[in-house]
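What follows is a single structure, written as structure tokens, with notes after it.
Values in this text are rule-based calculations from the coordinates and carry no lab data. Note that the coordinates shown come from a computational prediction; the quantities given were computed from them, not determined experimentally. Every residue, glycine as well, gets a Cβ built from its backbone with ideal geometry; the counts of neighbours run over all protein chains shown.
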Amino acid sequence: MSDGNQDGTRISPQDPPGAPGSRRLVVIGGGISGLVAAWRLVRQVGDAAEVLVLEASGTVGGKLAVGQVGEVTADLGAESMLARRPEAVGLLRELGLDDDVVHPRAASASVLSRGTLFPLPAGTVMGVPVDRSRLAGLAGILDEEEVARVGQEGRREAFRLTEDIDVASWVTYRMGRAVVDRLVEPLLGGVYAGNADRLSLQATVPALWQRARGGRPLLDGSAPVQQAGSGGPVFAGLRGGVGRLPLILAERLEQAGAQVRTGVPVRGLTRTENGWRLETGTADVPEFLDADGVILAVPPAAASRLLGAEVPSAARELGGMETASVAVVAAAVPREQLDGLTGTGLLIPPVERRLIKAATFSSNKWRWVSDENAARHLVVRLSLGRAREESVLRRDDAELADLAVAELRDVIGRDVRPDETRVVRWDDSLPQYEVGHLDRIHRIREAVAGVPGLAVCGAAFDGVGIPACIAAADRAVHDLDASMRIDLRTLAAGPRV
Ligand SMILES: Cc1cc2nc3c(=O)[nH]c(=O)nc-3n(C[C@H](O)[C@H](O)[C@H](O)COP(=O)(O)OP(=O)(O)OC[C@H]3O[C@@H](n4cnc5c(N)ncnc54)[C@H](O)[C@@H]3O)c2cc1C
């Protein structure tokens, strides 16, 4: 381990001594991405290297957080994980949490169109109809003419897309703008809090990008696009909240000998002869810590600041990435006010000109929420905020909660008066995967790969969802391995060659 004890530098008082000659691998950021990266590192290197997670805030988890709304417990950030991908369910299994894996109750969500709620139709990919036999299910959300326009997609010239394009342009060209406004926007908005006119088809709906590249229509009965609804539950959650996952991971990391330090923002990152020097502490009283390898698992703006000195091209690319700010209003609603309410929630597209973009009826969606919480209350989560519409959130918590609840009353036609509300703001939380995103990520990774002992991951890279963050964390460990020009698995066998 390098000790950083040179002129002008100080070792943090908490700095662990470590065995002479051992290595220190530091993960910056204690969200799900950083914790998974650290977990993989620990599993690979055992006690041949010290693994340290530095988290700026007072707690691990980032956008995964369980909290209280009055007497009620709920997820206040991410609340479900795509189960059709292997990473999240695989991690839960690896952590021995199989018994705590839960799935949403099989109740459907609705979408608001022209002031009326309709069941969210089946046979779509991110809202884009892909199954001709299910076009009847679009009726109501789209008017007759709009449904007919979808059905005529095959009449459009089938040319092959060669370059990335925004989702709205392609879907409008193929099926008409109404599909974008009334089906795609509410679903994309749910995942990215973004705008279909800017989001990349290639990065956000890869299944449809593949079709577009092959010159094939979106609606194609002969070879349906892989879609939700085929085999096994689509989503999974964790009993007690997805927000428990980072807490469990941090505990397991410490049991495995790693350290997880919270309240330690990393303010600078510079290269040394043998590795990296991290600056923590304050500007007045800086503290320094040396590392052999670093994984950056922070949001793009923070990553851009930290890479500015050593990998300026990657820093510029990350700095140019937009993010959306969102807020969650969690409400504890007296049970009788929502008596008989069915469904897991509702989506509201921007074209409806509402403040809220989604409502999740958490007590309907997750059995643990209704089981664990007091019999008196049901939990409803209201989501607000989209990219480039931050002004919506510029209200104090009380006003934001009041407005959101008033809209819910209006949309579902019930006199909802929560006993408690809690507003959680997630500023700059969702990276926008705009046109050209994958090329940008490729350039960032290439630049970072040119610098030994450094790797990057996080929600900006391979998808914002939890499984995608886990996959990017896995990849970062692999990249670090490659860039340190050693095999982390052989560390235990002896000193560096
Ligand atoms: C409201 C909301 C709901 C969501 N719902 C879902 C969902 O249901 N399902 C799903 O799959 N995904 C969901 N997502 C997306 C998903 O939660 C996130 O993309 C994912 O959790 C991001 O994880 P991360 O570790 O990459 O980043 P983060 O969670 O942002 O973690 C990064 C960490 O780095 C720390 N940090 C920043 N700068 C520094 C620094 N200089 N030094 C040290 N530490 C630093 C931060 O404090 C933070 O803890 C949701 C996101 C939001 C905002």
Fill in the blank from the handout: Between the residues A332, A283, A136, the Cα farthest towards the positive end of the dipole of the chain, that dipole coming from +1 and -1 charges on the beta-carbon of Lys, Arg, Asp and Glu, is from A136
Fill in the blank from the handout: the chain: antiparallel bridges as % of DSSP beta bridges, rounded to 5, reads 70
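Taking each pair of different alpha-carbon atoms in segment 14-108 once, compute 1/r for the pair, average those values, and report the inverse of that mean as the Kirkwood hydrodynamic radius in Å to one decimal.
With all distinct Cα pairs of segment 14-108 included, I get 16.0 Å.
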Handout entry: the chain: Rg to Rh, with Rh as the Kirkwood radius over Cα pairs
Key = 0.99
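Given the rule -39500 (n - 2.57) for each run of at least 4 DSSP H residues, summed and divided by the residues of the chain, what is its mean residue ellipticity at 222 nm, to the nearest 500 deg cm²/dmol?
Details: 15 runs with 145 residues, N = 497.
Calculated from helices alone, the mean residue ellipticity at 222 nm is -8500 deg cm²/dmol.
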Completion exercise
segment 271-393 -> Rg/Rh from Cα coords, Kirkwood Rh, value 1.19
Problem - Derived scalar couplings ³J(HN,Hα) [segment 310-318; Karplus, 6.51 cos²θ - 1.76 cosθ + 1.60; whole Hz; x for Gly, Pro] - result: 10, 9, x, 5, 5, 4, 5, 4, 5
Fill in the blank from the handout: Sorted by chain and number, the residues with a modelled amide H under 5 Å from that of D220, at a separation of 5 or more or across chains, are R132, V225
Handout entry: Pair E94, T342: separation of 7 Å Cα→Cβ label points (nm)
Key = 4.1
Completion exercise
With a Förster distance of 60 angstrom and the Cβ-Cβ distance between E145 and N274, calculated FRET efficiency to the nearest 0.05 equals 0.30
Exercise for the section: Would you mind computing, in nm to one decimal, how far apart the modelled labels at S133 and A406 are, each placed 7 Å from Cα along Cα→Cβ? Expected result: 4.8
Practice task
With label points built 7 Å along Cα→Cβ from the Cα atoms of T282 and S313, find their separation and express it in nm.
Solution key: 3.9
Problem - Per-pair calculated FRET efficiency, R0 = 41 Å: Y173 and R443 via Cβ, rounded to 0.05 - result: 0.90
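Tell me, rounded to the nearest percent, the portion of alpha carbon pairs in segment 109-156 spaced more than 13 Å apart.
Taking all Cα-Cα pairs of segment 109-156, the fraction more than 13 Å apart is 55 percent.
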Problem - Histogram of C-alpha separations across segment 159-198, 5 Å bin width, % - result: 6, 26, 31, 21, 12, 4, 0
Handout entry: Student exercise, segment 10-154 dipole from Lys, Arg, Asp, Glu Cβ charges, in Debye to nearest 20
Key = 420
Problem - In sequence order, calculated HN-Hα J values of segment 375-380 (Karplus, 6.51, -1.76, 1.60; Hz; x Gly/Pro) - result: 4, 6, 10, 10, 9, 10
Handout entry: Viscosity 1.567 mPa s, 4 °C: Kirkwood-radius Stokes-Einstein D of segment 364-451 over Cα pairs, µm²/s
Key = 77
Problem - Percent breakdown of C-alpha pair distances by 10 Å bin, ordered from the shortest bin, for segment 123-213 - result: 17, 54, 28, 1
Completion exercise
Any residue on another chain or 5+ positions along whose placed amide H is under 5 Å from the amide H of E287 is listed here as T280, G281, T282
